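Engineer: I'd like to ask you about the structure that follows.
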Amino acid sequence: TVIASTNGKTKSFKISAVEKQKVLAVMRDMGFHKKFFALRTFAILVFLLIKDENIDEVVIDIEYAGHERTIKNIILHLYTKHKKRAPKIKFELIGKKSKAHLLAIKVLRGERKADRTVKAKEVLELFL
């Protein structure tokens, strides 16, 4: 999975399938449903990507239609937990031609290196 931001400066984070499976295994052991795992992991990745940026607003692609409120609440909870000022969070269909989507595709294809590779441990620390 790769997520990317192109608000002024470009940045991409990725988490490998192996690392995601590690997170899923722990979550399964704790009794969490697989759908909750996907939403929470996505929200955590978005938080990691934007948490140190000085932005007033973030627009997130609609990856999980109908679950925007859950994703937004997870991100806002993480901002509160880390005593950071949260940006306004909006969801829109970004489209395959957007700079962020094109950046993520380049990272997935190996045409560009991700700015950071996220490990299962980081996700789990924020998960719990």
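Engineer: Once the piece of chain linking residue 7 and residue 26 is laid out straight, how much longer is it, given 0.36 nm per residue of separation minus the C-alpha distance between them?
Structural biologist: Details: separation 19, 0.36 × 19 = 6.84 nm, distance 3.33 nm.
Stretched fully, the residue 7-residue 26 segment lengthens by 3.5 nm.
Engineer: Next question, about the same structure. Would you work out what percent of the accessible area of the chain, with all protein chains in place, is carbon or sulfur (probe 1.4 Å)? Walk me through the numbers on the way to the answer.
Structural biologist: Working: 4090 of 7820 Å².
That share works out to 52 percent.
Engineer: How much of the DSSP beta bridge set in the chain is antiparallel, as a percent to the nearest 5? Display every interim value, and only then the final one.
Structural biologist: Working: 4 of 11 bridges.
Around 35 percent of the beta bridges assigned by DSSP in the chain are antiparallel ones.
Engineer: Please work out how much length the chain gains when fully extended from residue 81 to residue 119, using 0.36 nm per residue of separation minus the C-alpha to C-alpha distance, in nm with one decimal. Could you put the intermediate results ahead of the total?
Structural biologist: Working: separation 38, 0.36 × 38 = 13.68 nm, distance 2.02 nm.
So the extension gain works out to 11.7 nm.
Engineer: OK, next. With every protein chain kept in place and ligands, DNA and RNA left out, what is the accessible area per residue of region 23-128? Probe 1.4 Å, answer in Å². Before the final figure, lay out the partial values.
Structural biologist: Details: 6630 Å² over 106 residues.
Ligands and nucleic acids excluded, the figure is 63 Å² per residue.
Engineer: So what's the back-of-envelope 222 nm ellipticity for the chain, counting only DSSP H runs of four-plus at -39500 (n - 2.57) apiece and dividing by all residues, rounded to 500?
Structural biologist: Numbers: 5 runs with 62 residues, N = 128.
Helix-only estimate at 222 nm: -15000 deg cm²/dmol.
Engineer: With an 8 Å cut-off on Cα pairs and a minimum separation of 6 or more residues, tell me the relative contact order of the chain in percent.
Structural biologist: Working: 148 pairs, mean separation 50.1, N = 128.
That works out to 39 percent.
Engineer: Could you please report the charge total around residue 59, scoring K, R as +1 and D, E as -1 over all other residues with beta-carbon less than 9 angstrom from its beta-carbon? Please report the intermediate quantities before stating the final value.
Structural biologist: Values: positive: 90; negative: 57, 61, 92.
Neighbour charge sum, excluding residue 59 itself: -2.
The values are calculated or read from the model by the stated rules, or taken from the named source; none is laboratory data. Computed from a predicted structure; not experimentally measured. Note: ideal-geometry Cβ built from the backbone for every residue, glycine included; neighbour counts use all protein chains shown. The accessibility values were calculated without ligands, DNA or RNA, using every heavy atom of the protein model including side chains. Shrake-Rupley method; radii C 1.70, N 1.55, O 1.52, S 1.80 Å.
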